[in-house]
Amino acid sequence: MTYTQADFATRAKALDEADPLRDYPGRFLGSDDPEIVAYLDGNSLGRPTRATAERIAAFVTEAWGGRLIRGWDEQWFDLPVTIGDRIGATVLGAAPGQTTIGDSTTVLLYKIARGALALRPGRTEIVLDRDNFPTDRYLLESIARELGLTLRWIEPEFTGGVTARELAEAVSERTALVVLSHVAYRSGYLLDAPALRAVAHDVGALLLLDLCHSAGAVELELDSWAVDFAVGCTYKYLNGGPGAPAFAYVRAEHLADFTQPIWGWMGRESPFEMAQGYVPAQGIRRVISGTPAIIGMLPIQDTLDLIEEAGMAAVRAKSVALTGFALDLVAHWLAPLGVEVSSPADPARRGGHVTIDHPRFKEITARLWQRGVIPDFRPPQGIRIGLSPLSTTYAEVLAGVAAIRDELAAR
Ligand SMILES: *Cc1c(COP(=O)(O)O)cnc(C)c1O
């Protein structure tokens with residue numbers, strides 16, 4: 001059966017009207033901007049909430065301008081772990097005391113990977129995959145050089161990601177740490193986290209998951225999956241704003257022995273005693289190094305409010321429906337023009353975005369941006385359609401894929 005533009009427009013309208021989260025897009029700034037036809041890059045930089053605009057203004061005048069240095073004692077000192085606990089409860093499936101925010105994902109990955117490796121002395125290998133995000137690969141190259149360790153690379157399928165079987169072939173008694181992205185930044189493949197954790201633990205290795213493309217898009221159960229460590233962005237599906245502090249999760253059972261290499265005063269026991277010698281703070285605070293970026297932590301709280309209200313199950317259900325609708329449109333309109341899908345067809349193995357490939361996509365992405373349709377381009381020839389469940393409408397998905405079709409058909 002072939003669907004016309006009108007059929008799909010009717011379907012998009014019906015989906016938006018029946019959407020239990022239909023009121024949420026309006027709670028983001030710019031949702032009524034006529035120049036933005038379709039924002040399909042919320043997985044790279046989420047939109048700001050309207051509440052955030054007010055929160056930041058109020059913070060400058062009231063908290064910073066009014067409380068001045070007193071703000072540290074009153075609230076800011078604890079904010080990284082207060083917000084960490086909220087992220088844990090709302091998004092990660094993590095009990096309190098295991099999550100904190102601060103630094104970038106890159107820096108936290110370094111600190112957590114080094115801390116994890118120190119828990120497996122004598123082991124000589126780190127297992128990772130070729131499709132992991134560049135920063136993860138580069139950092140582990142640096143750590144391997146620094147510590148004289150060997151990197152063992154998995155080469156997953158282009159349209160998929162690391163499977164339990166592939167991991168089982170790569171790990172051994174030599175493996176100290178396995179580092180994988182829970183949702184692959186390119187293909188969108190969603191790992192079977194508990195299965196991979198079991199494979200890692202079977203040989204005595206630890207598992208560190210990068211959750212940048214998961215947090216706020218897919219349901220996570222870090223505690224019950226028995227994942228050892230995790231890090232992730234807050235500026236993607238958590239709408240924390242450009243460069244917002246990342247989060248780190250250290251499983252409670254590892255905390256007492258965990259040390260990371262950037263020994264700053266804010267991660268010390270009783271920092272304001274200014275004492276001689278570094279002694280790590282009790283609990284998750286030991287992940288902190290220097291003074292945390294408090295202003296950067298403001299917007300995340302507004303997204304957590306929205307997710308708490310909506311519930312991660314509803315967020316994930318919308319995400320699956322959005323990517324499913326996008327794939328339907330791609331199958332009907334773009335496949336006949338030579339476009340290939342590089343993301344999993346099975347929604348249970350798919351994160352919050354869909355990647356499609358065509359040799360002309362680099363040039364076409366630039367033209368799409370000019371007409372207010374904003375996906376992103378990922379080499380070699382992929383357009384990533386990122387669908388942020390709280391802020392994206394089905395009408396946007398329709399408009400976005402139709403624009404790609406029109407650009408491909410023109411000429
Ligand atoms: C976006 C992303 C990062 C980004 O790290 P930064 O330090 O914030 O630049 C890291 N890993 C993955 C998987 C990502 O998707």
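The values are calculated or read from the model by the stated rules, or taken from the named source; none is laboratory data. Treat the numbers as computed from the prediction; the structure is a model and nothing was measured. Cβ: placed from backbone, ideal geometry, glycine included. Neighbour counts: every protein chain shown. Keep in mind that these areas ignore ligands, DNA and RNA; they rest on the heavy atoms of the full protein, side chains included. Shrake-Rupley method; radii C 1.70, N 1.55, O 1.52, S 1.80 Å.
For every other residue with a beta carbon closer than 10 angstrom to the beta carbon of ARG285, add +1 if it is Lys or Arg and -1 if Asp or Glu, then tell me the sum. Spell out each step's value before the answer.
Values: positive: ARG268, ARG286; negative: ASP78, GLU269.
Residues near ARG285 contribute 0 overall.
Rounded to the nearest 0.05, what FRET efficiency do ARG67 and TRP153 give with R0 = 51 Å and r taken as the Cβ-Cβ distance? Could you check? Kindly include the intermediate steps, with their values, before the conclusion.
On the way: r = 50 Å, r/R0 = 0.98.
Rounded to the nearest 0.05, the efficiency is 0.55.
Using 0.36 nm times the number of residues separating GLU273 and ASP346, minus their current alpha carbon distance, what extension gain do you get? Display every interim value, and only then the final one.
Values: separation 73, 0.36 × 73 = 26.28 nm, distance 5.49 nm.
Result for the pair: 20.8 nm of gain on full extension.
List the pair-distance distribution P(r) of the chain, using every Cα-Cα distance, as the percent of pairs falling in each 20 Å bin from 0 up to the bin containing the longest distance, rounded to whole percents.
Bins of 20 Å from zero give 27, 55, 18, 1 percent of pairs.
If Lys and Arg each add +1 and Asp and Glu each add -1, what is the summed charge of the other residues whose beta carbon sits under 10 Å from the beta carbon of GLU157?
Summing Lys and Arg as +1 and Asp and Glu as -1 gives -3.
Probe 1.4 Å, all protein chains in place: accessible area of ARG378 in Å², nearest 10?
Accessible area, nearest 10 Å²: 60 Å².
Explain nothing, just the number: relative contact order of the chain, from Cα pairs under 8 Å at least 6 residues apart, as a whole percent.
Values: 806 pairs, mean separation 98.0, N = 411.
RCO, the chain: 24 percent.
For LYS362, LYS318, give the ranking by accessible area with the largest first, probe 1.4 Å.
Values: LYS362 140, LYS318 10 Å².
Most to least solvent-accessible, the answer reads LYS362, LYS318.
Explain nothing, just the number: dipole magnitude of the chain about its Cα centre with +1 on each Lys and Arg Cβ and -1 on each Asp and Glu Cβ, in debye rounded to the nearest 20. Mind dumping the intermediate values first?
On the way: 39 positive and 51 negative charges, 135 e Å.
About 640 debye.
Which of GLY311, LEU15, ALA335 sits closest to the plus end of the dipole of the chain, meaning its Cα is farthest towards the positive end, when Lys and Arg get +1 and Asp and Glu get -1 on the C-beta?
Working it through, the farthest residue towards the positive pole turns out to be ALA335.
Counting only DSSP beta bridges with both residues in the chain, tell me the antiparallel percent, nearest 5.
Around 50 percent antiparallel, to the nearest 5.
A 23 angstrom limit on the alpha carbon distance is what I want to check against. Which of LYS318/LYS362; LYS111/LYS236; LYS13/LYS236 exceed it?
Details: LYS318/LYS362 29 Å; LYS111/LYS236 21 Å; LYS13/LYS236 26 Å.
Among LYS318/LYS362; LYS111/LYS236; LYS13/LYS236, the Cα-Cα distance tops 23 Å for LYS318/LYS362; LYS13/LYS236.
When the solvent-accessible surface of protein heavy atoms is calculated with a 1.4 angstrom probe, in what order do VAL231, VAL320 fall, highest first?
Details: VAL231 0, VAL320 45 Å².
Of VAL231, VAL320, the descending order of accessible area is VAL320, VAL231.
Let me have the 222 nm mean residue ellipticity of the chain computed from DSSP H runs of 4+ only, each contributing -39500 (n - 2.57), with the sum over all residues rounded to the nearest 500.
Numbers: 14 runs with 147 residues, N = 411.
Value at 222 nm, helices only: -10500 deg cm²/dmol.
Work out which helices of the chain, taken as complete DSSP H runs, extend at least 24 Å along their axis over the Cα atoms and score a mean Kyte-Doolittle of -0.5 or more, then list them.
Numbers: long enough: 312-329 (25 Å, 1.09).
Result, helices passing both filters: 312-329.
Counting only residues 5 or more places away or on other chains, whose amide H sits under 5 Å from the amide H of SER343 once H atoms are built in the peptide plane?
Hits under the 5 Å cutoff: THR355.
Tell me, what % of the accessible area of the chain is carbon and sulfur with a 1.4 angstrom probe?
Working: 9330 of 16730 Å².
C and S atoms contribute 56 percent here.
What accessible surface, in Å², does a 1.4 Å probe find on GLU309, ignoring ligands, DNA and RNA and rounding to the nearest 10?
Surface accessible to solvent at GLU309 totals approximately 110 Å².
By how many nm would the segment from ASP16 to GLN381 lengthen if fully extended, with 0.36 nm per residue of separation less the alpha-carbon distance? Show your work: numbers first, answer last.
On the way: separation 365, 0.36 × 365 = 131.40 nm, distance 3.06 nm.
Between ASP16 and GLN381, full extension yields an extra 128.3 nm.
Once the dipole of the stretch 46-179 is set up with Lys and Arg at +1 and Asp and Glu at -1 on Cβ about the Cα centre, which of THR163, THR175, VAL81 lies farthest towards its positive end?
Selected residue: VAL81.
Report, for the stretch 289-411, the % of DSSP beta bridges that are antiparallel, rounded to 5. Please list the in-between numbers first.
Details: 10 of 10 bridges.
Here the share of antiparallel DSSP bridges comes out near 100 percent.
Using a Förster distance of 35 angstrom, determine the FRET efficiency expected from the C-beta separation of ALA252 and GLN75, and round it to 0.05.
E(calc), rounded to 0.05, equals 0.90.
Using the heavy atoms of the protein chains and a 1.4 angstrom probe, tell me the accessible area per residue for the chain in square angstrom. Write out the running numbers ahead of the final one.
Numbers: 16730 Å² over 411 residues.
About 41 Å² of surface per residue is accessible.
Restricting to the stretch 75-307, what percent of DSSP beta bridges are antiparallel, rounded to 5?
Numbers: 9 of 25 bridges.
Counting DSSP beta bridges with both partners in the stretch 75-307, the antiparallel share is about 35 percent.
Please report the base-10 log of the normalised intensity I(q)/I(0) for the stretch 75-307, using a Debye sum with one equal scatterer per alpha carbon and no solvent, at each q in 0.14, 0.15, 0.16, 0.18 (1/Å).
-0.83, -0.96, -1.10, -1.38
With charges only on Cβ, +1 for K and R and -1 for D and E, what is the dipole size of the stretch 242-289 about its Cα centre, in debye, rounded to 20? Don't skip to the answer; put the middle values down first.
Numbers: 4 positive and 4 negative charges, 23 e Å.
In total the dipole reaches around 100 debye.
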